[in-house]
Structure formats: structure tokens, C-alpha cells
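Below is one structure, written out as C-alpha cells, with a few remarks after it.
The values are calculated or read from the model by the stated rules, or taken from the named source; none is laboratory data. In this text, all values refer to a predicted model and were calculated from it rather than measured experimentally. Positions of Cβ are generated from backbone atoms using ideal geometry, with glycine treated the same way; all protein chains shown enter the neighbour counts.
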Amino acid sequence: MATVHQGTKQFPGVFNEFWLVKETVDFANAATGSGTFASVDVTVPGVALGDAVGFISTGVDTVDAVIAGAVTAANVATLTLLNNTAGAVDLASTTVKFVVGRPSW
């Protein structure tokens with residue numbers, strides 16, 4: 001289960017609420033050859049469609065691949081590793097930290 005801290009003091013007026021998430025993820029079991037992507041779902045209680053995922057930090061070098069995030073269902077944030085390199089990317093299991101914010105506008 002992900003470690004989640006919820007608060008409301010950051011970015012006043014822009015977001016109503018925040019979730020600070022820390023979870024161990026493993027992209028190694030997914031297809032990450034050149035031009036492919038792999039996704040991992042993280043349970044984040046309370047998030048909903050329309051919430052924004054950002055500020056993604058990993059404990060390993062992403063080897064020029066990109067990790068993006070989105071809330072894809074109630075209580076679920078999906079992190080996607082996109083490999084735009086010319087070769088395969090095989091990341092070790094790592095701790096990922098990211099922020100989910102609920103826009104106030």
C-alpha cells in the first residue's frame with residue numbers, strides 16, 4: 001500500500017487538496033523496448049478523475065525514458081514509463097514519489 005500524506009496548505013487558490021504519494025514500483029516486468037510504454041497503477045485513497053498528477057521523482061535513472069502520471073479512476077493514479085530511446089529500458093524496482101492535486105478552478 002502506498003504511503004500517502006494529504007494536505008491543503010500548498011499552492012493556495014490553485015488546488016483545493018493535495019496527496020503526497022510514496023510507493024515502490026517495478027516497471028521491469030512490462031514491455032519497455034524502443035517506442036513502447038509500461039504502466040503501473042498506484043492506489044491513492046480519495047483521488048478522482050480530474051485530479052492532476054505531477055512532480056514525479058524516482059530513485060533510479062530513467063535512462064532518457066519519461067514517466068508521466070494521471071488519475072485514471074477513483075482512488076487510482078497510473079504512472080506510465082514511455083521509452084522514446086533507440087533501445088530497451090530495464091529499470092530496477094524503485095521508490096517513486098509524486099503529488100496529486102485537486103484543481104480549484
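Just a yes or no: is a residue in region 19-27 assigned to a loop (DSSP other than H, G, I, E, B), touching a residue at least 40 places away in the same chain (Cβ under 8 Å) and surrounded by 12 or more Cβ atoms within 10 Å (Cβ to Cβ)? Within region 19-27, one or more residues are assigned to a loop (DSSP other than H, G, I, E, B), touching a residue at least 40 places away in the same chain (Cβ under 8 Å) and surrounded by 12 or more Cβ atoms within 10 Å (Cβ to Cβ). Here's a check for you: in region 57-71, which residue that is surrounded by 16 or more Cβ atoms within 10 Å (Cβ to Cβ) and not hydrophobic (A, V, I, L, M, F, W, C) is nearest to V40 (Cα to Cα)? Looking at the filtered set, the residue picked out is G69.
Does P45 fit the bill of being within 20 Å of H5 (Cα to Cα), at pLDDT below 95 and touching a strand residue (DSSP E or B) at 6+ places or on another chain (Cβ under 7 Å)? Judged against the criteria, P45 is not a match.
Number of residues in region 29-56 that are touching a Ser or Thr at 6+ places or on another chain (Cβ under 9 Å) and under 21 Å from V99 (Cβ atoms) equals 6. Scan region 85-102 for residues that are part of a loop (DSSP other than H, G, I, E, B) and either in contact with a His (Cβ under 8 Å, 6 or more places away or on another chain) or under 15 Å from F27 (Cα atoms) (or both) and the total you get is 6. Just a yes or no: is a residue in region 51-64 touching a residue at least 24 places away in the same chain (Cβ under 8 Å), touching an Asp or Glu at 6+ places or on another chain (Cβ under 6 Å) and assigned to a loop (DSSP other than H, G, I, E, B)? Within region 51-64, not a single residue is touching a residue at least 24 places away in the same chain (Cβ under 8 Å), touching an Asp or Glu at 6+ places or on another chain (Cβ under 6 Å) and assigned to a loop (DSSP other than H, G, I, E, B).
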